[in-house]
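This report refers to the structure that appears directly beneath it.
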Amino acid sequence: MSYIANLAKIASGQRNLDPRMAIYYVTAQCNLNCAYCEDFGARRNPSQAAHQPLERAQHILRVIRSGTDALWLTGGEPLLAPHLLDLLEFAKQELRFRSLTVISNGTLLPAHPEILPLLDRLVISLDSLDPAAWAALNMPKSYAESILEIVRETAKEQERHDFKLILNAVITPENLESEKPDSPLSTFDTLIDFCIQNKTWISFSPQSVNNWPRYELTVSPAYQAFIQKLIQLKRDGAPIMGSLAYLRTLATLEPYDCYPTLIPRILPGGELEYPCRPIAKAGGEQGGREINLLDFSSWQEAWSAARQRYGEAPVACNSCFQQCYAEPSIIQSRPLETWLERADLGTFAPG
Ligand code: SF4
Ligand code: SF4
């Protein structure tokens, strides 16, 4: 049980916690161009890495599997990688990952229904039901015409193929605009309602700018009202991902103890983002991307090389409030709250 082992490490002052899961960016190419995306998007495709040949990608997964049994495959848009199905089959049948998640923008799903039986969770990014909001986020008209139908149809497959469909929405000042106390139906109300009707879950994360929550959100009464509403909805049993402890942190945006090694990320070419994506991206002495899983045969070896190269994960760094960064650390470092809430330890929410 890595959760218990990690609690013991925290108690003895260590910050190098064992991973609970890993994220592999199958490709950095994307077919959309979301306005808020800081790393990918069609506008950046010419300078971005494509997918690795199948054998090399399989080696990367093999090394990851020696460190953790839960895997997320994402991008860019992972369905642009022609070997995604092969990789999923390899991960499930040969490597026997206990939990497999794909995060996709959903646009290419109708051409790839064969991935569904292999998944434990499918996450589709969807920030609003309103075509006007999509236009503001830079989505093409064809997206507006098809995405809701794709989500409805995919949701119907959950029972047959035994996977969980989760929508993931980024909270921006733009899609919060109608989130006013006197408005009976806001953008997010209709989105949550859509999820309930279609029996999907939904996760929310604040838009990040340079790894901090976007400033307008931090001073917005509409943001505060919305997070309080989310907390109440979750208490009432709505299908909202994320622990109450995380949602309360979103409301206050108070510092939390970040343990970035809980969810390591690996780039398409096998580069390990140590100790976390934001610090590795910035480069410098605290972290980077020099350690490549293709050069190692086990996670332990690769991780030790990264620690030796860059040192321990930082103390008191807590700028990232997206669910995928903050939630694992909150669940791991607050065992009593987690236990009282019966938070799901194995399947962190996306964001
Ligand atoms: S679909 Fe995802 S990866 Fe592509 S541009 Fe939008 S946010 Fe970025
Ligand atoms: S808050 Fe955590 S994930 Fe974000 S930069 Fe700091 S250590 Fe990395």
_Reachable lysines from LYS199, criterion Cα separation under 18 angstrom, eight or more residues apart if same chain_ = LYS156, LYS164, LYS234
*State, to one decimal in nm, how far the label point of ASN33 lies from the label point of ALA8, with both points 7 Å from Cα in the Cβ direction.*
5.3 nm
*Express as a percent, rounded to the nearest 5, the fraction of DSSP beta bridges in segment 2-347 (both residues included) that run antiparallel.*
20 percent
*Multiply the residue gap between SER298 and ALA132 by 0.36 nm, knock off their C-alpha separation, and tell me the result in nm, one decimal place.*
55.0 nm
*Specify which residue in the list ASN33, LEU71, ILE124 is farthest towards the positive end of the charge dipole of segment 2-347, using unit charges on the beta carbon of Lys, Arg (+1) and Asp, Glu (-1), about the Cα centre.*
LEU71
*Take every Cα pair under 8 Å in segment 2-347 that's 6+ residues apart, average their separations, divide by the length, and report that relative contact order as a whole percent.*
19 percent
*If you place +1 on the Cβ of every Lys and Arg and -1 on the Cβ of every Asp and Glu, how big does the dipole about the Cα centre of the chain come out, in debye to the nearest 20?*
560 debye
*Note the direction-averaged projected area, equal to a quarter of the hull surface, for the Cα convex hull of the chain, in nm².*
16.6 nm²
*asked:* Given R₀ = 41 Å, what would the calculated FRET efficiency be for ARG309 paired with ARG342, taking r from the Cβ atoms and rounding to 0.05?
replied: 0.55
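All of the numbers you see were taken from the coordinates with simple rules; none came from a lab. Being a predicted model, the structure only gives us computed values, none of them experimental. FYI the Cβ positions are ideal-geometry reconstructions off the backbone, even for glycines, and counts take in every protein chain you see.
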